[in-house]
Structures are given as C-alpha cells and as structure tokens.
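S.K.: One structure follows; several queries about it will come next.
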Amino acid sequence: MSTTLSLGLLILRLGAGLTLTGHGLQKLFGWFGGAGLARTRENFARQGLQPAWLWVTLAVLGEVGGGLAVALGFLTAVGAAGMAGAMAMATFKSHWRNGFWMQRGGYEYSLLLLLVSIVIGLTGPGNYALDALLGIGQRETALFIGLALAALIVVAIGIVISRRPQTASQDA
C-alpha cells in the first residue's frame with residue numbers, strides 16, 4: 001500500500017474513530033456534555049428498544065470499542081463492523097425521520113460515520129496501524145463483511161421490535 005494512501009487512511013481512522021469514541025463516552029460517562037448511562041438508557045427505552053440496557057451496551061461497544069479499534073488500527077475489521085452497526089442503528093432508528101440535516105436532528109453525522117466505517121472495513125487500516133505493526137488483520141475484508149452483515153441483522157431486529165403497535169384508530 002502506498003505511503004500516501006496509508007497516511008490518508010491513518011488521518012481518516014484517527015478523525016472518525018476518535019470522534020465516535022468521544023460520542024460513545026458521552027453516553028457511557030456523560031463526558032463532553034453527554035447524557036450519561038442512566039439518561040441514555042431512558043432515551044433508548046422511550047424509543048422502544050427493550051431491554052434498554054442491552055441496546056445501550058451494544059451502542060457503547062460499537063461507539064467506544066469500535067471507535068478506538070479503528071483509531072488505533074487494531075482489529076480494524078471488528079472495530080469497523082462495530083462502528084457500522086452503531087451508526088446504522090443511529091441513522092435508521094433515531095435520526096431518519098428528522099431528514100438529512102443534523103441541525104434538525106437528522107442523520108447527516110451518523111450516515112457519514114457509517115460510510116467511513118464501511119470504507120475502512122473494506123480497505124483495511126493501511127500500513128500505519130497496529131494491525132500492520134503486529135502482522136495481524138491482513139486481508140480481513142471477508143471478516144468485516146460477515147461481521148457488518150451480522151450487525152445489520154441485529155439493527156434490523158432492533159428496529160422491528162421497537163416499533164410501537166398500531167392502535168385500532170391508526171388502522172382505520
């Protein structure tokens with residue numbers, strides 16, 4: 001892999017991975033003006049994601065764990081799949097109904113991070129990564145695709161089970 005491509009991937013991994021890590025730390029610890037674990041759990045429960053603790057755990061793992069893995073380039077395929085799952089859920093469950101633009105609560109931010117995670121998962125972390133230094137993670141595209149598909153299945157299940165049942169008046 002060329003030096004400039006590896007450098008570009010390093011910059012992309014650090015920017016996206018650390019940004020998503022910070023976003024997850026807002027949920028986990030309430031850092032950076034975030035809601036913290038209790039309020040995040042309440043918010044997920046209000047959205048119909050039950051049991052809320054499970055969905056919060058998956059979100060935090062995808063955001064903090066996936067974000068750090070991608071930033072460091074360590075087990076990148078696993079981290080990128082975790083990021084993809086967390087951002088797919090955020091995009092399609094939490095933000096889609098608000099339209100594209102973020103200032104209206106839209107999916108602009110989460111979609112961009114979802115796309116970045118897919119690109120990194122498909123291309124790999126580049127030469128400036130712990131995976132390359134340790135000699136692991138070579139040619140893990142198939143692993144990423146399998147894990148990302150599994151994450152998308154979990155996201156689809158979450159979206160389906162969180163839908164509120166329609167009342168008789170809504171059916172009429």
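S.K.: Residues in the stretch 128-141: is at least one assigned to a loop (DSSP other than H, G, I, E, B), modelled with pLDDT of 95 or more and either in contact with a helix residue (DSSP H, G or I) (Cβ under 7 Å, 6 or more places away or on another chain) or at positive phi (or both)?
M.R.: yes
S.K.: Have a look at Leu122, Leu111 and point out the one that is part of a helix (DSSP H, G or I), open to solvent by 60 Å² or more (accessible area, probe 1.4 Å) and more than 18 Å from Val154 (Cβ to Cβ).
M.R.: Just a single option satisfies the conditions, and that option is Leu122.
S.K.: If I go through the stretch 130-166 residue by residue, how many of them are closer than 16 Å to Ile118 by Cα and open to solvent by 90 Å² or more (accessible area, probe 1.4 Å)?
M.R.: Selection size over the stretch 130-166: 3.
S.K.: Whether any residue in the stretch 152-172 is at pLDDT below 95 and more than 30 Å from Pro51 (Cβ to Cβ) is what I want to check.
M.R.: yes
S.K.: Hey, another quick one. What are the residue pairs meeting all of these: first residue in the stretch 15-32, first residue within 10 Å of Leu68 (Cα to Cα), second residue in a helix (DSSP H, G or I) and open to solvent by 50 Å² or more (accessible area, probe 1.4 Å), Cβ atoms under 6 Å, and 6 or more apart or on different chains?
M.R.: Thr21/Leu68; Gly22/Phe32
The values are calculated or read from the model by the stated rules, or taken from the named source; none is laboratory data. Please read these numbers as outputs of a predicted model, since none were measured by experiment. Methodologically, a virtual Cβ is constructed for each residue, glycine included, from the backbone with ideal geometry; neighbour enumeration extends over all protein chains shown. Calculation scope for accessible area: heavy atoms of the full protein, side chains included, ligands and nucleic acids excluded. Shrake-Rupley method; radii C 1.70, N 1.55, O 1.52, S 1.80 Å.
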